[in-house]
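The values are calculated or read from the model by the stated rules, or taken from the named source; none is laboratory data. Given the structure is predicted, the values throughout are model-derived calculations rather than measurements. Virtual Cβ from ideal backbone geometry, glycine too; neighbours counted across all protein chains shown.
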Amino acid sequence: MIKYENRYGTVSISNAFFTKLIGHAVSSCYGVSGMVAKGPQRLRQLFSKKENADNGIKVRGDFNSIVVDIYIVVTYGVNINAIAKSIVSRVKYTVEDSTGIIVEKVIVHIDGMKSE
């Protein structure tokens with residue numbers, strides 16, 4: 001959870017908000033076939049058969065800046081470099097526009113390829 005104070009009061013933003021916001025932004029990028037669950041997300045995915053928007057996303061940082069790790073599966077035949085650049089720019093724009101918090105770094109991990 002990220003908390004900071006401004007002249008209007010205290011603002012609290014949960015990690016769940018960040019992961020869902022970023023998950024929707026990433027899944028709408030061309031060439032992203034799916035997200036790969038890591039850590040506790042993987043355990044949750046084993047018990048729940050539905051696809052969650054926050055799978056494969058880790059956010060760390062504070063109110064000054066955050067770092068985002070994204071684990072994805074890409075569509076076979078699509079330029080991986082283009083997909084990664086698209087994800088980085090979309091995530092930075094979405095988070096900074098929605099929250100005003102600077103995204104210092106977006107790290108895209110390609111965990112596999114999937115044919116259509």
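Scanning region 3-25 for residues being within 14 Å of residue 60 (Cα to Cα) and under 16 Å from the mean Cα position of the chain (by Cα) gives a total of 8. Restricting 96, 5, 51 to residues that are at pLDDT 90 or above, charged (D, E, K, R) and in contact with a strand residue (DSSP E or B) (Cβ under 9 Å, 6 or more places away or on another chain) narrows the list to 96. Please work out which residue is modelled with the lowest pLDDT, limiting yourself to region 54-93 and to residues that are among the aromatic types (Phe, Trp, Tyr) and surrounded by fewer than 16 Cβ atoms within 10 Å (Cβ to Cβ). Looking at the filtered set, the residue picked out is 76.
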